[in-house]
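Report on the following structure.
What follows draws every value from the coordinates through simple rules; no lab data is involved. Source: prediction; values computed, not measured. As a convention, Cβ positions derive from the backbone with ideal geometry for all residues, glycine included, and neighbour counts pool all protein chains shown.
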Amino acid sequence: MNDTNYPSAFLHPFSNIQTLERDGPMVVTHGEGVYIFDDKGQRYLEGNSGLWNVVLGFDNPRLIEAAQKAYGRMPAYHAFFGRVTESALELSERLVSIAPMPATRVFYANSGSEANDSIIKLLWILAEAEGKPHRRLILSRRNAYHGMTVAASSLTGKDYVRSASGLPLPEVRFLSCPHHWREALIDEDEETFSARLADELDRTIRNTGADCIAGFFAEPVMGAGGVIPPPRGYFDAIQTVLRRYNIPLIADEVICGFGRTGSFWGSLHYGIEPDIVVASKVLTAGFFPMGAVILSPDMSERLERAAKKLDELPHGFTTGAHPVGCAIAMAALDELEAGAFDNVTKVAPVFQKQLNAMSDHPLIGESRGVGLMGALELVADKTDKTPFADDIDISERVAVRALHHGLVCRPLGQAVVLAPPFIIKTEQIEELFSILRRVLDEVQDDVSGITT
Ligand SMILES: Cc1ncc(COP(=O)(O)O)c(C=O)c1O
């Protein structure tokens, strides 16, 4: 091992290898509020809440106490064979009562990916039990991110999924990405763009046969696609088509759930009435791995009937519905209700204003966002939206320089993404954007040196 801790025995997921080879990994030692610290003692403002999840602070005492108490009472148990812990029962009641649609049941996984994989399997179990084994096709969208297990990767509409692993599974069909700025035709307004995408959905359903489609997955705001809020009228138009053919809508609320958009659910923000909701990340504020699948009464009843036919539901995970995770989730919901969600609604307008103000920078082609999430799309030429050449690694450059100045932000394609913790204060938002502006100026100097 060299003095940068790279390479080591640790295999780094989703990490730029050139940056690792040059700088080594950032070894994180602890956190305080919205800040994390590395092993050299440098402090960083965490502009991404870790991976969108650590929204209640990196040292939240209520969550730590809830975990300690839960470990003291019942540190581990499963939920198979009709057994269940008190905290799993309690959390389930609470989740169905706060879901964005009428809901009656919750199934637990260990991550967002596992939750999405589980939904595909549950939909296929339903198809078999209801005598429709051909009902297997799943609809997703290009640039969507639904996770990295085999089925969830297949729903993830990123080029690297195909080029790196040969996925998706043959059952998945992709529709267009609803990014108006990049994908709309010249002079096409948002409503017309949305209507065109709904037509595409209708055509796809008619071409494949509605009877063959098991469900349509959508993030209310595409997160890892680069923070892409839906264009005006999009979900109204899409839902009209789905209802016409009785196709379930699965809202992947792994990022949007519990307040990120400024509404408690992305579904509420955009008028989505889902049949199934996927929750993770904020559910335990990152303090425990957990994914939850929340089911409408119709979905719950149909699954109950299918399970009866099979004698049991043939699905589940050893550590799904873990009692400590459930206790932490209850404490996280308490924290959200006690003021963290109110803080999002208070500071989100400040965040959006400052994000928007960045669009006057010569490197920024589009600033977009909602609530406490946003992206700045970097362009080589603002007038015709020309992207930078791949080898310039523009967003990685911004992220690396930001680190030098004490800010964590995330490179995603040619965008830089921000999603600060829900507890962030106005002056910390100002700190974030003042660092970022300095960083963009420096990167602009860098790249003008390369391109001239
Ligand atoms: C919308 C969405 N769904 C699913 C996932 C996968 O979650 P996990 O990484 O916990 O498997 C993510 C992760 O970022 C996500 O953003």
- [ ] With a point put 7 Å past each Cα toward its Cβ, work out how far E273 is from T426 in nm, to one decimal.
- [x] 3.9 nm
Open item on the list: If I stretch the segment between H315 and A76 completely, what's the gain in nm (0.36 nm per residue apart, minus their alpha carbon distance), one decimal?
Closed with: 84.1 nm
TODO: At 7 Å along the Cα-to-beta-carbon direction for both D446 and R203, put a label point, then send me their distance in nm to one decimal.
DONE: 4.2 nm
TODO: In debye, nearest 20, what is the charge dipole magnitude of segment 74-321 about its Cα centre with +1 on Lys and Arg Cβ and -1 on Asp and Glu Cβ, if you could check?
DONE: 460 debye
Open item on the list: Using a Cα-Cα cut-off of under 12 Å, which aspartates and glutamates could be cross-linked to K281, ignoring same-chain neighbours fewer than 8 residues away?
Closed with: D252, E253
Task: Residue order, fewest to most beta carbons within 10 Å, for C256, C409 - done: C409, C256
Open item on the list: Place a point 7 Å from Cα of D384 in the direction of its Cβ. Which residues in segment 169-205 have their backbone N less than 14 Å from it?
Closed with: none
Task: Candidate aspartates and glutamates - alpha carbon under 19 Å from K308, same-chain residues fewer than 8 apart omitted - done: E128, E130, D298
Open item on the list: Among I450, G339, C326, whose Cα projects farthest towards the positive end of the dipole of the chain, with charges put on the beta-carbon of Lys, Arg (+1) and Asp, Glu (-1)?
Closed with: C326
Task: Lys/Arg +1, Asp/Glu -1 at C-beta; the chain dipole; positive extreme among S300, A76, S8 - done: S300
- [ ] Can you grab the distance from the C-alpha centre of segment 276-352 to the C-alpha centre of segment 38-86, Å, no decimals?
- [x] 14 Å
Task: Within-14-Å neighbourhood charge of G147 [Cβ basis; K, R +1; D, E -1] - done: -2
Task: Residues in segment 222-259 that a label on H134 would reach, taking backbone N under 13 Å of a point 7 Å out along Cα→Cβ - done: none
Open item on the list: Counting only helical runs of four or more DSSP H residues, what would the 222 nm mean residue ellipticity of the chain come to if each run contributes -39,500 (n - 2.57) and the total is spread over all its residues?
Closed with: -12500 deg cm²/dmol
Task: Net charge contributed by nearby residues that have their C-beta within less than 13 Å of P102 (K/R +1, D/E -1) - done: -3
Open item on the list: Looking only at the chain, where both bridge partners belong to it, what percent of the DSSP beta bridges are antiparallel (to the nearest 5)?
Closed with: 65 percent
- [ ] Obtain the nm distance between the two label points defined at D211 and D334 by a simple spin-label model: each point lies 7 Å from its Cα along the Cα-to-C-beta direction.
- [x] 5.3 nm
- [ ] Taking the Cβ of W52 as the centre, find all other residues whose Cβ is under 12 Å away and add up their charges (Lys, Arg: +1; Asp, Glu: -1).
- [x] 0
Task: Fraction of antiparallel bridges per DSSP, segment 236-393 only, in percent to nearest 5 - done: 80 percent
Open item on the list: Out of all DSSP beta bridges in segment 74-321, what portion is antiparallel? Express it as a percent rounded to 5.
Closed with: 45 percent
Open item on the list: So if I place +1 on the C-beta of Lys and Arg and -1 on the C-beta of Asp and Glu, and nothing else carries charge, what would the dipole magnitude of the chain be about its Cα centre? I want it in debye, nearest 20.
Closed with: 1020 debye
